[in-house]
């Protein structure tokens, strides 16, 4: 067993020795997920639906983040006698990838003239409403400033809205036990082109925790975005 792999096993077993939700367990799990992330570029899932590359990558990333969340929640299920950490992670990832594919296909169905039509080559967050065929996903707008002038205007408007926070909700919403990790602060970091891994390292908050909070708040604040943009 090589040294990096052994480290993952040790971290998993050490995390199991601490009580659930304890600070010590969270530290071990953060180190464990960071170690797995360093190997994540080696992971692949079978593209059985033949999604275009950009869609496959989005679905895969969704599955990857859900698997990290599952590691945090179910680390006690890990059994060294059955698999190494990366083998266990890949097993869970394959299951979550199937779930993410099903979710993607379900969300891309629209009704056209009374007929259910499945759209499988669109981004998870892209609207398929006929009235808004070219709408830009909120997450995509935050993640990267578009090159076109019209989309760049959307990016600027969204950034200014979150920065001004007219209702105060973006500042008041924060990760539990991390009052400085507000939705506003996370978004401004993302606008500055920092990845969740960068933010995790800087703030000492696990990537799965950041990701889950970030996604939930974007959905929660959809009415505010709609009203002010």
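The values are calculated or read from the model by the stated rules, or taken from the named source; none is laboratory data. Being a predicted model, the structure only gives us computed values, none of them experimental. Because the Cβ atoms are built from the backbone with ideal geometry, glycine has one as well, and the counts that use them run over all protein chains shown.
Within the stretch 160-176, can one find any residue that is assigned to a strand (DSSP E or B), surrounded by 14 or more Cβ atoms within 10 Å (Cβ to Cβ) and under 16 Å from the mean Cα position of the chain (by Cα)? Before the answer, list the steps.
Here is the first cut: in the stretch 160-176, the ones assigned to a strand (DSSP E or B) are 174-175.
Narrowing the set further to residues that are surrounded by 14 or more Cβ atoms within 10 Å (Cβ to Cβ) leaves 174-175.
After this cut, where a residue has to be under 16 Å from the mean Cα position of the chain (by Cα) as well, the list is 175.
Yes, that holds for at least one residue.
Considering (1) surrounded by fewer than 18 Cβ atoms within 10 Å (Cβ to Cβ); (2) part of a loop (DSSP other than H, G, I, E, B); (3) touching a helix residue (DSSP H, G or I) at 6+ places or on another chain (Cβ under 8 Å), say which one residue 180 fails and leave the rest.
(2)
Name the helices (runs of 4 or more DSSP H) wholly inside the stretch 185-229 in which the number of residues that are at pLDDT below 85 is 2 or more.
On the way: elements: 196-203, 207-220, 222-228.
In the stretch 185-229, 196-203, 207-220 are the helices (runs of 4 or more DSSP H) which contain 2 or more residues that are at pLDDT below 85.
Considering 192, 185, which residue is assigned by TED's automatic domain parsing to the domain that holds residue 222 and closer than 19 Å to residue 220 by Cβ?
On the way: 192 fails: closer than 19 Å to residue 220 by Cβ.
That would be 185, the only listed residue that is assigned by TED's automatic domain parsing to the domain that holds residue 222 and closer than 19 Å to residue 220 by Cβ.
Does the stretch 64-74 include one or more residues that are assigned to a helix (DSSP H, G or I), at pLDDT below 90, farther than 30 Å from residue 177 by Cβ and in contact with a helix residue (DSSP H, G or I) (Cβ under 9 Å, 6 or more places away or on another chain)?
No, because not a single residue in the stretch 64-74 is assigned to a helix (DSSP H, G or I), at pLDDT below 90, farther than 30 Å from residue 177 by Cβ and in contact with a helix residue (DSSP H, G or I) (Cβ under 9 Å, 6 or more places away or on another chain).
So residue 126 clears everything in (1) surrounded by 15 or more Cβ atoms within 10 Å (Cβ to Cβ); (2) at pLDDT below 90; (3) part of a helix (DSSP H, G or I) except one condition, right? Which one?
(3)
Mind listing just one residue for me: the one in the stretch 216-229 that is closer than 28 Å to residue 34 by Cβ and out of contact with any helix residue (DSSP H, G or I) (no Cβ under 8 Å at 6 or more places or on another chain) and, of those, surrounded by the fewest Cβ atoms within 10 Å (Cβ to Cβ)? Show your work before the answer.
Taking the stretch 216-229 and keeping what is closer than 28 Å to residue 34 by Cβ, we get 216-220.
With out of contact with any helix residue (DSSP H, G or I) (no Cβ under 8 Å at 6 or more places or on another chain) added as a condition, the list becomes 216, 219-220.
Working: 216: 12, 219: 9, 220: 12.
The qualifying residue surrounded by the fewest Cβ atoms within 10 Å (Cβ to Cβ) is 219.
Would you be able to say whether some residue in the stretch 47-54 is outside any loop (DSSP other than H, G, I, E, B) and either at pLDDT below 90 or surrounded by 14 or more Cβ atoms within 10 Å (Cβ to Cβ) (or both)?
From the stretch 47-54, those outside any loop (DSSP other than H, G, I, E, B) are 53-54; that's our starting set.
This time we only want the ones that are either at pLDDT below 90 or surrounded by 14 or more Cβ atoms within 10 Å (Cβ to Cβ) (or both), so: 53-54.
Yes - at least one qualifying residue is present in the stretch 47-54.
Can you find a residue in the stretch 10-30 that is within 18 Å of the chain's Cα centre (by Cα), on the phi < 0 side of the Ramachandran plot and surrounded by 15 or more Cβ atoms within 10 Å (Cβ to Cβ)?
Kept after step one, since they are within 18 Å of the chain's Cα centre (by Cα), are these residues of the stretch 10-30: 29-30.
Remaining after also requiring on the phi < 0 side of the Ramachandran plot: 29-30.
This time we only want the ones that are surrounded by 15 or more Cβ atoms within 10 Å (Cβ to Cβ), so: 29-30.
Yes, the stretch 10-30 contains at least one residue that is within 18 Å of the chain's Cα centre (by Cα), on the phi < 0 side of the Ramachandran plot and surrounded by 15 or more Cβ atoms within 10 Å (Cβ to Cβ).
Exactly one of these conditions fails for residue 164: (1) touching a helix residue (DSSP H, G or I) at 6+ places or on another chain (Cβ under 8 Å); (2) more than 25 Å from residue 71 (Cα to Cα). Give me its number.
(1)
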